[in-house]
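Beneath this line is the structure, given in structure tokens, with notes to follow.
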Amino acid sequence: MGEILFLAHRIPFPPDRGDKIRSHHVLKALAALAPVHVATFCDDEQDRAFEPDLANLAASYRLVERSKSLPVAGVQALASGRPISLTAFYDKQLEAYVRDLLAERDIDTVYVFSGQMAQYVPGEFRGRVVADLVDVDSAKFEAYAAKGRGFRSWMERREGRLLRQEEARICAGASVTLLISGAEVGLLRSRLASDSHGERYGEHGRVRAMGNGLDAAYFDPGAVSPEPRMIEKGAPRIVFTGQMDYAPNIEAATRAIDRVLPLVRQTCPDATLHIVGRNPPPVLRDRSGRDGIEVWGRVDDIRPWLTAADVALVPLEIARGVQNKVLEAMAMGLPVVLSPGAAIGIDALDGRDFAMRDGDAAMAQAVLDLARAPEAAKLMGAAARTWIVGNASWEAALARLPEYLGTMSEALTDVA
């Protein structure tokens, strides 16, 4: 095969959040198959510090700092009739790099990571396009709109509608479209089938599932010591992790703070809830230090925090794709109480590998049950890690990637 162009909306280093973890491992797998050229963005100086890692892996690259604010992107999107998501990630430098690269190099495959980056694939490109959408973004914005009101709800409804059109366009032009789970595949196929001219993209198997993996040797409870600042806090210690400027995570953390933790503390008044992840907004930071709530923000290594916890709580109400936070907690031998949405795409056994509960009272009761029965909690954590080791490696997750880059007729004989 020829060379590969990898388009990603964020630099795939460091692999410390959901999208970067996936893009990091995909990029490494691609680089093992052929020379890879990378066009991507960095959000800040912390991202920029990993430019040498990108340079060591890529045959060439263009790393652009994304400085366009969301309000500016919103105004531009309204003026142009485009989705905000695409406008926020449009850059002339990156467009020029892609155009020149395709003209000068033997690029026969473009791997698009996240729907925001498909706008950089020229319409005249005749090679393979692998579109890794990860999840169905349009459905996520539709869910936001249904829960909101006023101008924000209108904007989210608009975003969902325009992204749905963009997803259909991407599928029409891609050799194969990848999503993180069978549930997301079914969702996108059903939406394509209901759209004009979209049915054939779902029916013919060009929408496929490629799940996430996990490095179980890295996420090993025996490899780190518990975080001492967390150990000092009251028990049971409940942890919620994630990128904390992401709307579904903010909503889930707020649910845990306002609706689940108070129920737990009625029985266990010393219980504490620990929100761990970068960029928590004021609505979360302002709650820290009161009523058993601790908001820690960005940490260098999530593993000591998981090791120090007694239970992971994942009360996501809007969830798309497979939740890395669930896989990481399971790998660290931590019992997990999670919502049905957070369990999508994880084929572990409820009651053995995690506790799936629907409703605040049921989640609080599950946390209390685990706190009162430490041996049962330990058994659930051990079963969770066993499941991860046996079922969730990156090698298994990316096993069919060479097929998606090669002969598509062979890759699509087994419809997902």
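Bear in mind these aren't lab numbers, they're just calculated from the coordinates by the rules spelled out. For clarity, every value in this text was computed on a predicted model and none was experimentally measured. Virtual Cβ from ideal backbone geometry, glycine too; neighbours counted across all protein chains shown.
Below are the figures for this structure:
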item	result
Size of charge dipole - segment 221-392 - debye, nearest 20, with Cβ of Lys, Arg +1 and Asp, Glu -1, no other charges	160
In sequence order, calculated HN-Hα J values of segment 337-344 (Karplus, 6.51, -1.76, 1.60; Hz; x Gly/Pro)	9, 9, 7, x, x, 6, 8, 4
Cα-centre dipole for segment 96-204 with unit charges at Cβ (Lys and Arg positive, Asp and Glu negative), debye to 20	520
Per-peptide average of other Cβ atoms within 10 Å, ordering 45-57, 237-249, 331-343 highest first	331-343, 237-249, 45-57
Whole-Å distance, taken between Cα centres, linking segment 2-18 and segment 350-392	33
Isotropic mean projected area of the C-alpha convex hull, segment 221-392 (nm²)	8.6
Per-residue HN-Hα couplings for segment 265-275 [Karplus 6.51, -1.76, 1.60; θ = phi - 60°; Hz; x = Gly/Pro]	6, 4, 9, 10, x, 8, 4, 10, 10, 10, 9
About the Cα centre, charge dipole magnitude for the chain (Lys/Arg +1, Asp/Glu -1 at Cβ), debye	920
Distribution of pairwise C-alpha distances over segment 11-70, 5 Å bins, in %	4, 19, 30, 28, 14, 5, 1, 0
(i) 0.97; (ii) 1.01; (iii) 1.05, with the label sought being that of the calculated Rg/Rh (Cα atoms, Kirkwood Rh)	(i)
